[in-house]
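Asker: Handing you a structure now.
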Amino acid sequence: MRRLVAGTGWKMNNGIADSIRYAEELRSRIAGLDTSAIDIYVLPPFTSLATAANAFAGSPVAVGGQNMHWDDSGSWTGEISASMLLETGCRYVELAHSERLQHFGETYEAVRRKVDKAMSVGLIPIVCLGETAQEKADGRADEVLADQLLTSIDGQPDERVPEIILAYEPRWAIGAAEAASPEYVEERHRALRTILRKHCGEEIAERTRIIYGGSVTPENGRDILDIKDVDGLFVGRAAWKPEGFARIVELVSDAAKRKQAA
Ligand code: PGA
């Protein structure tokens with residue numbers, strides 16, 4: 001049984017003061033929920049990390065970075081290392097978000113190095129995978145996903161792959177009006193698990209979590225969560241306010257109970 005995940009990336013939102021308010025309100029909104037069967041994370045901007053980690057301490061909510069550099073230290077102006085993230089109280093780090101690929105020229109070869117570094121220091125990488133609208137139109141989605149996935153985990157021993165959270169985030173569905181349809185999500189998640197099965201074996205494929213992100217809302221989240229190969233939700237806009245994320249956390253906790261009972 002894979003533990004379900006409820007996560008949100010704040011992108012460039014919520015500075016220090018807003019992070020404190022967010023944490024206080026989210027904590028009180030989820031206090032009555034049984035979240036013991038799920039993992040919850042928020043990814044604040046770098047400058048809010050230490051504050052948010054502090055404000056969520058003792059709660060079920062863990063904090064992570066939205067990016068990091070692959071090197072330990074050195075002449076990398078504007079960058080942040082894995083150990084710096086750990087020092088602020090991070091447990092997770094998001095890698096390969098589509099906005100990093102699109103606006104900052106990030107490549108999966110860089111992502112591979114970052115995965116390696118994150119794993120070596122004990123941060124949990126959340127690796128985003130997703131095809132563009134053009135790649136989808138060309139019928140190349142699964143080929144692109146396979147390439148992104150295999151490049152990202154290249155060099156990792158198979159038994160460590162389940163420590164990575166894979167986030168299927170179709171690039172055309174991020175910041176969009178609608179999420180991908182449940183049928184489409186089901187096909188891609190099945191394809192990703194098949195790739196894992198082929199390369200790492202059945203047992204590893206069954207233990208690795210693949211979550212969905214891209215225009216998730218409290219309204220469409222339940223249908224997506226009911227897909228067998230979907231192991232959680234990764235939410236942007238709909239979780240930038242604590243009431244929105246509290247509803248997502250509740251949906252994921254409920255889905256964990258349904259999946260356990262099935
Ligand atoms: P969105 O963002 O939920 O606002 O589409 C998702 C993401 O960027 O991960």
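The values are calculated or read from the model by the stated rules, or taken from the named source; none is laboratory data. All values derive from a computational prediction rather than experimental measurement. Counting neighbours? That spans all protein chains shown, and the Cβs are built from the backbone with ideal geometry, glycine included. For accessibility, only protein heavy atoms count, side chains too; no ligands or nucleic acids. Shrake-Rupley method; radii C 1.70, N 1.55, O 1.52, S 1.80 Å.
Asker: Being among the aliphatic types (A, V, I, L, M), more than 16 Å from the ligand (Cβ to nearest atom), within 19 Å of A167 (Cβ to Cβ) and open to solvent by less than 80 Å² (accessible area, probe 1.4 Å) is true for just one of L26, L33, L4. Which residue is that?
Answerer: That would be L4, the only listed residue that is among the aliphatic types (A, V, I, L, M), more than 16 Å from the ligand (Cβ to nearest atom), within 19 Å of A167 (Cβ to Cβ) and open to solvent by less than 80 Å² (accessible area, probe 1.4 Å).
Asker: Go through the residues of segment 191-202 one by one and say whether even a single one is within 17 Å of the chain's Cα centre (by Cα) and over 21 Å from R247 (Cα atoms).
Answerer: Scanning segment 191-202 turns up at least one residue that is within 17 Å of the chain's Cα centre (by Cα) and over 21 Å from R247 (Cα atoms).
Asker: Now a separate question. Provide a single number: the residues in segment 72-111 that are open to solvent by less than 60 Å² (accessible area, probe 1.4 Å), outside any loop (DSSP other than H, G, I, E, B) and more than 16 Å from the ligand (Cβ to nearest atom).
Answerer: 5
Asker: When you scan segment 189-219, how many residues do you find that are under 16 Å from Q148 (Cβ atoms), in contact with a Pro (Cβ under 7 Å, 6 or more places away or on another chain) and away from the ligand (no atom under 12 Å from the Cβ)? Talk me through it step by step, then tell me what you get.
Answerer: Kept after step one, since they are under 16 Å from Q148 (Cβ atoms), are these residues of segment 189-219: 189, 191-196, 198-200, 208, 210-214.
Add one more test, that the residue is in contact with a Pro (Cβ under 7 Å, 6 or more places away or on another chain), and what stays is 208, 214.
Now restrict to residues that are away from the ligand (no atom under 12 Å from the Cβ): 208.
The number of residues fulfilling the criteria is 1.
Asker: When you look at R222, is it within 15 Å of the ligand (Cβ to nearest atom) and either in a helix (DSSP H, G or I) or surrounded by fewer than 18 Cβ atoms within 10 Å (Cβ to Cβ) (or both), yes or no?
Answerer: The answer is no for R222.
Asker: Six or more apart or on different chains, Cβ under 9 Å: which pairs go from a residue in segment 1-17 that's in a loop (DSSP other than H, G, I, E, B) to one that's open to solvent by 50 Å² or more (accessible area, probe 1.4 Å) and polar (S, T, N, Q)? Could you list them?
Answerer: Listed by first residue and then by second, the contacts come to M1/Q260; G15/T47.
Asker: Name the residue, out of L149, L196, L233, L145, that is in a strand (DSSP E or B) and open to solvent by less than 10 Å² (accessible area, probe 1.4 Å).
Answerer: Values: L149 fails: in a strand (DSSP E or B); L196 fails: in a strand (DSSP E or B); L145 fails: in a strand (DSSP E or B).
Result: L233 is the single residue among L149, L196, L233, L145 that is in a strand (DSSP E or B) and open to solvent by less than 10 Å² (accessible area, probe 1.4 Å).
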